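Below is one structure, written out as structure tokens, with a few remarks after it.
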Amino acid sequence: MVKLAFGSIGDSFSVGSLKSYLSEFIATLLFVFAGVGSAIAYSKLTSGAALDPAGLVAVAVAHAFALFVGVSMAANISGGHLNPAVTFGLAIGGNITILTGIFYWIAQVLGSIVACLLLKFVTDGMAIPTHAVSSGMNAFEGVVMEIVITFALVYTVYATAADPKKGSVGIVAPIAIGFIVGANILAAGPFSGGSMNPARSSGPAVAIPTHAVSSGMNAFEGVVMEIVITFALVYTVYATAADPKKGSVGIVAPIAIGFIVGANILAAGPFSGGSMNPARSSGPAVVSGDFSEIWIYWVGPLIGGGLAGLIYGDIFIGSYGALPASEDYA
């Protein structure tokens, strides 16, 4: 039975709701940055060659990793939708009001657009790949493909996260959601593109198509790339490990942190090297005696990490009151 509720202006503009919109914006931005970035990285590595099976696997894995992390980092604040289709599905079941859901949509699409604009900037204007049905497949067939795979995604969300009787299954909800997206991209990618996410598709459509920065990329672009991916890493640490309200999400914190690093390297590796870690970059620089660009890998990660701490620590954790002592990242 449909359980739609319109909601109220007061509820949709409460402090908690505004924080949820910000959380959705940030998580969707970081998810799309890694997901679309992995497709651009493949194009960079293959000089624009058509996507082959290995490339499809890499893109699917990057999306799976990034979505797992995105859901984990937003779960404590907004529920971790990151997708207008997920928000709509949850609204149908009465889990979110229509009015609040509309603002979720706006935050998600804006996050996707900003991610693609950042990618276009840091990759020195490389084309942003957009979703389109493959040759030989008509629009109706593409719609049916997207219906089936998005059904699988939202059904997984309900079964592992929204169901009140989920029990311990809820612990693996972000993993399950990330995995179904990765599996669906492997299945549908060569046909409809495997979107399942209007926000993920809207961003590229609007944007239009030792560690060292790649040829054709300047130092400032490298710094910005490192700022974004390190922000994603440290924001994940806060959301899954440092947040006092992390609950069962804390169990998967090490996986989430590892996955965001993997996804970011898939996206940023061909451009800035995907460091996110001054120590990781400094060791090779010292041994090789090459310090020509080491400053990029100190400035970018420190700014990105500091911004993540400022936003999550002050806006989200700061509203909880005194932060209790924690054994995680104390």
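Hey, could you check the range 7-45 for residues that are modelled with pLDDT under 85 and farther than 22 Å from Ser201 by Cβ and say which is surrounded by the fewest Cβ atoms within 10 Å (Cβ to Cβ)?
Result: Leu45.
Scanning the range 136-159 for residues that are modelled with pLDDT of 75 or more and outside any helix (DSSP H, G or I), which turns out surrounded by the fewest Cβ atoms within 10 Å (Cβ to Cβ)?
Gly136
Kindly indicate the residue of the range 190-212 that is surrounded by 24 or more Cβ atoms within 10 Å (Cβ to Cβ) and either more than 29 Å from Phe179 (Cβ to Cβ) or touching a Cys at 6+ places or on another chain (Cβ under 6 Å) (or both) and also modelled with the highest pLDDT among those meeting that condition.
Pro204
Tell me, which helices (runs of 4 or more DSSP H) wholly within the range 1-85 include 2 or more residues that are closer than 24 Å to Tyr155 by Cα?
15-45, 53-75
The values are calculated or read from the model by the stated rules, or taken from the named source; none is laboratory data. Note that this is a predicted model, so its numbers are computed, not measured. Positions of Cβ are generated from backbone atoms using ideal geometry, with glycine treated the same way; all protein chains shown enter the neighbour counts.
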